[in-house]
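Working notes for the structure below.
The values are calculated or read from the model by the stated rules, or taken from the named source; none is laboratory data. None of the values given here were measured: they were computed from a predicted structure. Cβ placement follows ideal geometry from the backbone for every residue including glycine, while neighbour counts extend to all protein chains displayed.
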């Protein structure tokens, strides 16, 4: 039984269901008039004659029942007749038998007419469009002309990198102004908000994708403006030590004491702990010597100070100093410190010469620098006397030359000469 009922519902014509839904409401008059039917038909024909798409629709009215026959371009146009006809006074019911046409010519003709109308509209709109495009291009050209000039950008910026950023911002500003002017002449400024919204979403997605690159770029701007180091400075960054070759838009290039290139991203440099060894001319070095445990530490300290005083390249202010670092199992460790002008004297060469002279003077005084030893005591301890030092020629202070540092600086100068246009370091910029 349910199957028969379902088949009966499916067999109902869909147009009929649509007609019932769109039938006029209200009471039906008991009087019937041919004149009224004719008036209703005339009125409906006049209405649909003024509308597009109903040229092939015919109207018949009998006893207030309106019958519509013919064809339209689509089903939506045919069903729209129900709502239109139901509003006419005196209509009792509507029989909509209008069908969708299958004639190829009838279906293509409106599309061709629309294409022809839009083509004519575009042709008539073309002069205004050309004026808008020319105006926008003129504004853009003016912006690019200003950006290409050397001044005032090079005068305003601390270095070439910042000057290029100013130029790029100027170009972008005038490009936006040119687009806005063109859209305003075409009365399409409402389209600008849509473009900006889409550009914002795309820019946000790109920003997340190239976050590291953007971070490096911003760090490059900050480093080029403040410049915590100069070319050829000896710096330590995140444990890497070397002379600064150049600062690029992405990384800082160092030359290690071994002659190797060290490339550190600027984002890391900007956040890192930087030790600049070159900033101050005076620099201190220290070294330790272990003397015999039975020796007098005070005497050893005086001997070391006297040995350091013999070196002409050491500064007198601040002067050398010594102190007892610790007392070990078999020796006493003494630390000595001295200062040099590192721009005139090589630090490591001076340190090596100071160690040599201090060791020689200690040995001349009979104070040995023993290796770690262990004693097995089997009888009461006796005062040990140091063995006499062998006869040796007295040590003489030697001149200190820093050829290694000079050679490294020569390499840095050569590389900077080859890539000077890519360097963001400038002596005119403020330094932290």
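Below is a table of values for the structure above.
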{"item": "Qualifying residue in region 29-47 (condition: outside any helix (DSSP H, G or I) and touching a strand residue (DSSP E or B) at 6+ places or on another chain (Cβ under 7 Å))", "result": "no"}
{"item": "Search result, residues across region 317-342 that are in contact with a strand residue (DSSP E or B) (Cβ under 9 Å, 6 or more places away or on another chain), surrounded by fewer than 20 Cβ atoms within 10 Å (Cβ to Cβ) and part of a loop (DSSP other than H, G, I, E, B)", "result": "317, 318, 319, 328, 330"}
{"item": "Members of region 235-252 found to be in contact with a helix residue (DSSP H, G or I) (Cβ under 8 Å, 6 or more places away or on another chain) and at pLDDT 85 or above, listed by number", "result": "237, 238, 243, 244, 245, 246, 247, 251, 252"}
{"item": "Residue in region 289-311 that is more than 30 Å from residue 330 (Cβ to Cβ) and either surrounded by 18 or more Cβ atoms within 10 Å (Cβ to Cβ) or over 32 Å from the mean Cα position of the chain (by Cα) (or both) present", "result": "no"}
{"item": "Residue check for residue 307: under 30 Å from residue 234 (Cα atoms), out of contact with any strand residue (DSSP E or B) (no Cβ under 8 Å at 6 or more places or on another chain) and modelled with pLDDT of 90 or more", "result": "yes"}
{"item": "Pairs with Cβ under 6 Å, 6+ apart, first in region 318-346 and outside the structural domain of residue 287 (by TED's automatic domain parsing), second part of a strand (DSSP E or B)", "result": "none"}
{"item": "Per-region count, region 298-316, residues part of a loop (DSSP other than H, G, I, E, B) and free of Cβ contacts under 8 Å to residues at least 40 places away in the same chain", "result": "2"}
{"item": "Criterion (modelled with pLDDT of 65 or more and closer than 19 Å to residue 296 by Cα) met by exactly one of 347, 369", "result": "369"}
{"item": "Which numbered condition residue 130 misses (of (1) within 30 Å of residue 181 (Cα to Cα); (2) not assigned by TED's automatic domain parsing to the domain that holds residue 184)", "result": "(2)"}
{"item": "All positions within region 239-253 that are without any contact (Cβ under 8 Å) to a residue 60 or more places away in the chain and over 20 Å from residue 217 (Cβ atoms)", "result": "239, 240, 241, 242"}
{"item": "Hey, residue 179 touching a helix residue (DSSP H, G or I) at 6+ places or on another chain (Cβ under 7 Å) and touching a residue at least 40 places away in the same chain (Cβ under 8 Å) or not", "result": "yes"}
{"item": "Among the residues listed as 271, 232, the single one being at pLDDT 80 or above and closer than 30 Å to residue 337 by Cβ", "result": "232"}
{"item": "Scope region 65-78; condition within 16 Å of residue 91 (Cα to Cα) and surrounded by fewer than 19 Cβ atoms within 10 Å (Cβ to Cβ); matching residues", "result": "65, 67"}
{"item": "Residue in region 105-128 that is surrounded by 14 or more Cβ atoms within 10 Å (Cβ to Cβ) and more than 30 Å from residue 77 (Cβ to Cβ) present", "result": "no"}
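Yes/no matrix, rows are residues, columns are (1) part of a strand (DSSP E or B); (2) at negative phi; (3) modelled with pLDDT of 75 or more:
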position: 8; (1), (2), (3): no, yes, no
position: 26; (1), (2), (3): no, no, no
position: 55; (1), (2), (3): no, yes, yes
position: 70; (1), (2), (3): yes, no, yes
